[in-house]
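A short reminder: the numbers here are calculations on the coordinates, not readings from a lab. Predicted model only: the values in this text are computed from it and were never measured. For neighbour counting, all protein chains shown are included, and Cβ atoms are generated from backbone atoms with ideal geometry for every residue, glycine included.
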Amino acid sequence: MQKCIFILGMHRSGTSAITGVLKILGVNLGSSLMPPLEDNPKGYFENLNVFKVNEEILGSINSSWDN
């Protein structure tokens, strides 16, 4: 049986660090991860598909991640 792991938290709260540790421990994070950027050079370890769904949900209530 496969397991699904979700790491949830507010932005800049350590979710990338926790997910990065899980990757080091061998958890498969899939192939659709957000790429590293200048403000987070080690990467976000965030699935783009889940990110997009979250953006749609927030947008449907006229909100955003930094609101």
inquiry  = For residue 33, what residues show an amide H to amide H distance below 5 Å, using hydrogens built from the backbone and excluding near sequence neighbours?
reply    = 48
request  = Go through the range 27-66 and name the chymotrypsin sites (Phe, Trp or Tyr not before Pro) that are in a DSSP coil and have 16 or fewer other Cβ atoms within 10 Å of their Cβ.
outcome  = 65
query = trypsin sites (Lys or Arg not before Pro) within the chain: which are DSSP loop residues with at most 15 other Cβ atoms inside 10 Å?
reply = 3, 12, 42
key: Degrees between helix 15-24 axis and first principal axis of the chain (Cα, 0 to 90, nearest 10)   = 20 degrees
ask   = Which loop-located GluC sites (Glu not before Pro) does the chain contain, where loop means any DSSP state but H, G, I, E or B and the Cβ has at most 15 other Cβ atoms within 10 Å?
value = 38
task = Express the Stokes-Einstein translational diffusion coefficient of the chain in µm² s⁻¹, to the nearest whole number, given a Kirkwood radius over alpha-carbon pairs, 20 °C and a viscosity of 1.002 mPa s.
result = 164 µm²/s
task = Can you tell me how much longer the chain between residue 56 and residue 3 gets when fully stretched, taken as 0.36 nm per residue apart minus their C-alpha distance, in nm with one decimal?
result = 16.6 nm
key: Residues residue 24 and residue 48, FRET efficiency given R0 of 22 Å [Cβ-Cβ distance, rounded to 0.05]   = 0.60
request  = Give the angle, between 0 and 90 degrees and rounded to the nearest 10, that separates the Cα long axis of helix 48-60 from the longest principal axis of the Cα atoms of the chain.
outcome  = 20 degrees
